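Since the structure comes first, as structure tokens, the remarks are kept for the end.
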Amino acid sequence: MTTGSSLLILGQGADPASERGVSCPGELPPASDPALVERARAAKAALGDRLFVLGHHYQRDEVIQFADVTGDSFKLAQEAAARPQAPYIVFCGVHFMAESADILTSADQQVVLPDLAAGCSMADMATYDQVEECWEVLEDAGIADDVVPITYMNSSADIKAFVGRHGGVVCTSSNARRALEWAFAKGSKVLFLPDQHLGRNTAVLEMGLSLDDCVVYSPNRPDGGLSTAELRDATMILWRGHCSVHGRFSLDSVNEVRARIPGVNVLVHPECRHEVVRAADLIGSTEYIIRTIDEAPAGTAWAVGTELNLVKRLAGRHPDKTVVFLDRTVCFCSTMNRIDLPHLVWSLESLAQGEVVNQITVEAETAHYARVALDRMLALP
Ligand code: 13P
Ligand code: SF4
């Protein structure tokens, strides 16, 4: 189970219970090796149908070119569940996504994360012990029976299992509204983990709740920093977690780009802060962002508030449109970027030689209950 603080320096030291901070055990090829692309191609060809490579949209260009399927978290979970034939699933994404793939695939399939340090700082903001403690606070306040827990996909398997055990569901940025509708049909309150912004943005902008209906539970403060009355009055109990990449976008970024590029459309991910999402023109998951720009007429201008690898790729793919990063300061997701060509080549060549490296395995009971919550998500109307 995930415990304690886990903000280790990337790639150094080890906290195997955390989403990141685990050094890679392999003999990696040097990044300067000009044959890396060829080596990745050869290893992939040697593995043939035994291999399926999933790539999240935030992955580097050098890596995403080897993905058999690219997608947002939801699509990748569906794709992993739909590949019973491939014994090896290489997940080019972050740790919680690979865990979900392991949970959704059969026991004889092996899921590989090319660099174990590819975690997610947001997922690390909710540990199992903290969430159990929060539930006790809700019980003491006499409201636990009214609360349906929802966890964002960006959480560890043991948090998903907690939610599965307590009658809740997993959601992603593409189905958060449907998950909330499902939850409010079952209970009168929702505990939303671990991204306060996705929870707040969906509740207020899509479900018609007000900001006053939401409270923020701070796991590092006694009783979450909330009184019993505040908990009883709240409809949405939001966990104090956020994405450090999307948290960088501000109202100033929106105002500045509107002044700089007249007529620009501001398109942001729902992990952005509430004031940013309110000021934007369109909001959606990475898959939605791609579709929107792909379908936009030539000559239109777009400022996109999401991870930089994706924005750069969209700009390159649409030379007939103006596509810019929403903020002046560029920012990659450092953990998504951990998966680079040397790690990919190393993992593929190891598999081709019959050695499974960096396998992600979720313990059976955790996997069982996490699957309950994931299956509820996959079955949402
Ligand atoms: P998507 O589900 O939109 O791909 O988002 C995943 C993620 O980690 C965003 O930061
Ligand atoms: Fe996690 Fe944010 Fe990176 Fe997504 S962009 S993987 S939420 S740190």
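Condition check ((1) under 26 Å from A77 (Cα atoms); (2) in a strand (DSSP E or B); (3) of a type in the set (S, T, Y)) across all residues:
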residue	(1), (2), (3)
E133	no, no, no
N154	yes, no, no
A161	yes, no, no
V170	yes, yes, no
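Within segment 271-306, being in a loop (DSSP other than H, G, I, E, B), out of contact with any Ser or Thr (no Cβ under 9 Å at 6 or more places or on another chain) and not small (G, A, S) holds for D281, P297.
Only residues that are part of a helix (DSSP H, G or I) and out of contact with any Ser or Thr (no Cβ under 7 Å at 6 or more places or on another chain) were counted in segment 307-331, giving 9. Scanning segment 332-374 for residues that are away from ligand 1 (no atom under 16 Å from the Cβ), part of a loop (DSSP other than H, G, I, E, B), surrounded by fewer than 22 Cβ atoms within 10 Å (Cβ to Cβ) and at negative phi gives D340, Q353, E355, V356, V357, I360, T361, E363. The set of residues in segment 61-77 being within 15 Å of ligand 1 (Cβ to nearest atom) and either touching a helix residue (DSSP H, G or I) at 6+ places or on another chain (Cβ under 7 Å) or within 21 Å of D340 (Cβ to Cβ) (or both) consists of I64, A67, V69, T70, G71, D72, S73, K75, L76, A77. Of the residues making up segment 287-311, those that are touching a residue at least 40 places away in the same chain (Cβ under 8 Å) and away from ligand 1 (no atom under 13 Å from the Cβ) number 2.
A count restricted to segment 215-252 and to residues that are over 30 Å from T329 (Cβ atoms), in a helix (DSSP H, G or I) and among the aliphatic types (A, V, I, L, M) stands at 2.
Residues in segment 174-214 that are touching an Asp or Glu at 6+ places or on another chain (Cβ under 7 Å) and not in a helix (DSSP H, G or I): S174, G187, S188, K189, D195. Residues that are in contact with a helix residue (DSSP H, G or I) (Cβ under 9 Å, 6 or more places away or on another chain), in contact (Cβ under 8 Å) with a residue 40 or more places away in the chain and not hydrophobic (A, V, I, L, M, F, W, C) within segment 313-346 comprise R313, T322, D327, R328, T329, T335, N337, D340, P342, H343, listed in sequence order. Out of the residues in segment 200-251 that are touching a helix residue (DSSP H, G or I) at 6+ places or on another chain (Cβ under 9 Å), aliphatic (A, V, I, L, M) and exposed (fewer than 14 other Cβ atoms within 10 Å of the Cβ), state the one that is farthest from T172 (Cα to Cα). Once the filter is applied, the top-ranked residue is L251. Of the numbered criteria (1) in contact with a strand residue (DSSP E or B) (Cβ under 7 Å, 6 or more places away or on another chain); (2) away from ligand 1 (no atom under 16 Å from the Cβ); (3) part of a helix (DSSP H, G or I), the one R83 fails is (3).
Annotation: of all residues in segment 96-127 being within 14 Å of ligand 1 (Cβ to nearest atom) and either in a loop (DSSP other than H, G, I, E, B) or without any contact (Cβ under 8 Å) to a residue 40 or more places away in the chain (or both), the one that is surrounded by the most Cβ atoms within 10 Å (Cβ to Cβ) is A118. Scanning segment 242-267 for residues that are within 16 Å of ligand 1 (Cβ to nearest atom) and touching a Leu at 6+ places or on another chain (Cβ under 7 Å) yields F249, L267.
Which is at pLDDT 95 or above and within 14 Å of ligand 1 (Cβ to nearest atom), of G316, G284?
Working: G316 fails: within 14 Å of ligand 1 (Cβ to nearest atom).
Answer to the selection: G284.
Tell me yes or no: at least one residue of segment 311-321 is surrounded by 17 or more Cβ atoms within 10 Å (Cβ to Cβ) and within 25 Å of F192 (Cβ to Cβ). Checked segment 311-321: no residue is surrounded by 17 or more Cβ atoms within 10 Å (Cβ to Cβ) and within 25 Å of F192 (Cβ to Cβ).
Which ones in segment 245-277 are of a type in the set (S, T, Y) and under 13 Å from T306 (Cβ atoms)? Show your work before the answer.
Initially, segment 245-277 is screened for residues of a type in the set (S, T, Y), giving 250, 253.
Across segment 245-277, the qualifying residue is only S253.
The values are calculated or read from the model by the stated rules, or taken from the named source; none is laboratory data. Model, not experiment: these values are computed from the prediction. So basically every Cβ, Gly included, is an ideal-geometry build from the backbone, and we count neighbours across all protein chains shown.
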